[in-house]
Amino acid sequence: MIKEQRFEFILNKIKTDQQVTYEQIAGSLNVSEDTVRRDIDQLYRNGLVSKIRGGAMLPSRNPLTFQDRSNILSDQKDIIVAKALGFIKEGMTVFMDGGTTICALAGRLPSDINMRIITNNIPAIQLLVNYPDIELIVLGGVYERNSATNTGTVTCLDLERYTADLYLMGTCGVDDKFGVTATIESDAHVKRAMLRRSKKTVSLANQKILHQAEAFRVCDFQDLHAMITNMDSDHADLDGFRNLGVQII
């Protein structure tokens, strides 16, 4: 079977089953798993599939709007927020980027905390202005509707003026092999800029995006200081992330 026929089979199988494994496809086509892995890598680079651990799935809707994401996984966000609050200390300078989990966190900070927050997250700004002792710095840039953030060259240049004690990163995809990834290229640029200018980076990752790789690379998993999830730290889904020098919370 030629490559194009394999591509067609893989895409049809994913549409039917929602996700596939390398082993399943290799068995169905009587080819090696390495061949299937290379095929899926090419389909992924063309934006036709999303990678998961050991296989592939339908790509994320391109992409979910901010309002879509605000209305789902609220219980998971509550758990992540409770854990993330332990990293935030009085007097810190903190980067916060886009995402609905970041917004949930912005609404639950201690009412009297004295700190500085630098962000491009427009909905979070509307929450943070209510804290009298937070110095709020808003990054400029081009407004990106799907993520509800300011992005682009201006945003990245603005970030070069600051150094943060902590970067709380909203996360689109994270995998022990492919690292941290984003669904929007301009968002990936901003995340990399925040990472470079931060002393410590903590990824906020719900269970749904674990072992998933989106199109635009942000960093290696080992570039993180910690990853906070909604799961218990000994959950089996986190086994692939252990022993990589990153704290799992």
Residue ID - surrounded by the most Cβ atoms within 10 Å (Cβ to Cβ), chosen from residues in region 232-249 that are assigned to a loop (DSSP other than H, G, I, E, B) and not acidic (Asp, Glu): Val246
Subset of region 87-100 (residues that are within 20 Å of the chain's Cα centre (by Cα) and of a type outside the set (D, E, K, R)): Phe87, Ile88, Val94, Phe95, Met96, Gly98, Gly99, Thr100
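State all residues of region 34-58 that are acidic (Asp, Glu) and surrounded by fewer than 16 Cβ atoms within 10 Å (Cβ to Cβ); if no residue qualifies, say none. Even if it seems obvious, please write down each step before you answer.
Step one: of region 34-58, the residues acidic (Asp, Glu) are 34, 39, 41.
If the condition is that a residue be acidic (Asp, Glu) and surrounded by fewer than 16 Cβ atoms within 10 Å (Cβ to Cβ), then Asp34, Asp41 are the ones that fit.
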Which listed residue is more than 20 Å from Ala193 (Cα to Cα) and either out of contact with any helix residue (DSSP H, G or I) (no Cβ under 9 Å at 6 or more places or on another chain) or part of a loop (DSSP other than H, G, I, E, B) (or both), from Asp78, Asp112: Asp112
Residue tally, condition farther than 25 Å from Met92 by Cβ, free of Cβ contacts under 8 Å to residues at least 24 places away in the same chain and among the small types (Gly, Ala, Ser), over region 193-249: 1
Residues satisfying the stated conditions in region 210-229, i.e. part of a strand (DSSP E or B) and surrounded by fewer than 20 Cβ atoms within 10 Å (Cβ to Cβ): Phe216, Arg217, Cys219, Ala226
Gly99 vs. criteria modelled with pLDDT under 95 and surrounded by 15 or more Cβ atoms within 10 Å (Cβ to Cβ): yes
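Any idea which of Thr65, Thr35 is at pLDDT 90 or above and either among the polar types (S, T, N, Q) or more than 24 Å from Lys208 (Cβ to Cβ) (or both)?
Thr35
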Top-ranked residue in region 198-249 [being in contact with a helix residue (DSSP H, G or I) (Cβ under 7 Å, 6 or more places away or on another chain) and of a type in the set (S, T, N, Q); ranked as modelled with the highest pLDDT]: Thr201
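The values are calculated or read from the model by the stated rules, or taken from the named source; none is laboratory data. Just so you know, these numbers come straight off a predicted model, no measurement behind them. Cβ coordinates were reconstructed from backbone atoms using ideal geometry, including for glycine residues, and neighbour counts include every protein chain displayed.
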